[in-house]
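First the structure, in the form of structure tokens, and then the observations on it.
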């Protein structure tokens with residue numbers, strides 16, 4: 001059975017699975033589903049048209065599924081869909097889509113720290129970390145295993161690739177390729193996230209090949225097309241393939257190479 005505090009307001013139209021804990025003064029609106037084992041601390045709010053998977057934790061003051069912050073939103077039914085085992089710390093906010101029948105999507109195993117935010121129509125993968133005050137504008141995409149440090153702001157429609165790491169106080173206005181450490185205002189590529197690659201189990205030989213591809217793309221003064229052509233002439237490991245596919249799919253363009261990094265050599 002669920003454990004619902006007597007001061008909580010839960011709509012009869014909400015579907016609450018067994019083992020859910022709902023804390024004091026929490027509000028859960030209609031057309032909400034909450035999976036088994038989810039714990040919602042006090043003063044949280046789950047707005048209508050939101051689905052939450054199993055084993056999530058919502059701390060005090062979290063608001064999930066509120067209307068998008070867009071003047072173009074027409075007020076129709078749109079959704080927020082959240083997977084399992086996510087943690088939302090105090091006062092995290094995530095908004096539903098701005099489009100009729102559209103959805104904002106959050107995957108599994110993500111950790112959202114205090115005051116982090118994801119706007120309407122974001123696509124967030126699995127096992128990402130959003131540090132305090134990390135802010136994603138609408139339509140942003142974050143792939144798996146990304147770390148976004150404190151007070152980072154992400155421009156709408158920007159993409160951040162798998163296992164990328166963004167340093168604190170950065171401003172992202174172009175896509176950040178996978179496996180890259182980036183930072184600054186605007187954010188620029190500094191190096192490869194070799195620690196993250198090792199922790200993800202990427203073998204040494206494939207890390208070496210990715211370092212070669214990074215050098216070709218960022219450090220040899222080639223055009224994007226020329227760099228891709230040179231990289232594809234060599235061994236296409238899974239990581240290099242993903243890097244190239246991500247760059248090819250970019251509509252905003254990928255971030256530049258940091259000027260200070262150009263003088264430090266090629267040990268990424």
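The values are calculated or read from the model by the stated rules, or taken from the named source; none is laboratory data. Just so it is clear, the model here is predicted, and its values are computed rather than measured. Note: ideal-geometry Cβ built from the backbone for every residue, glycine included; neighbour counts use all protein chains shown.
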How many of the residues making up segment 226-252 are closer than 25 Å to residue 156 by Cα and either modelled with pLDDT under 95 or outside any loop (DSSP other than H, G, I, E, B) (or both)?
8
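Considering only residues of segment 67-78 that are under 20 Å from residue 11 (Cβ atoms) and surrounded by fewer than 19 Cβ atoms within 10 Å (Cβ to Cβ), which is nearest to the chain's Cα centre (by Cα)?
The first filter runs over segment 67-78 and keeps only residues under 20 Å from residue 11 (Cβ atoms), leaving 67, 75-78.
Now restrict to residues that are surrounded by fewer than 19 Cβ atoms within 10 Å (Cβ to Cβ): 67, 75-77.
Values: 67: 19, 75: 25, 76: 25, 77: 23 Å.
Here the answer is 67.
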Residue among 189, 182 that alone is under 14 Å from residue 243 (Cα atoms), assigned to a strand (DSSP E or B) and either in the same structural domain as residue 243 (by TED's automatic domain parsing) or in contact with a strand residue (DSSP E or B) (Cβ under 6 Å, 6 or more places away or on another chain) (or both)
189
Qualifying residue in segment 168-178 (condition: within 12 Å of the chain's Cα centre (by Cα), within 21 Å of residue 213 (Cα to Cα) and not in a strand (DSSP E or B)):
no
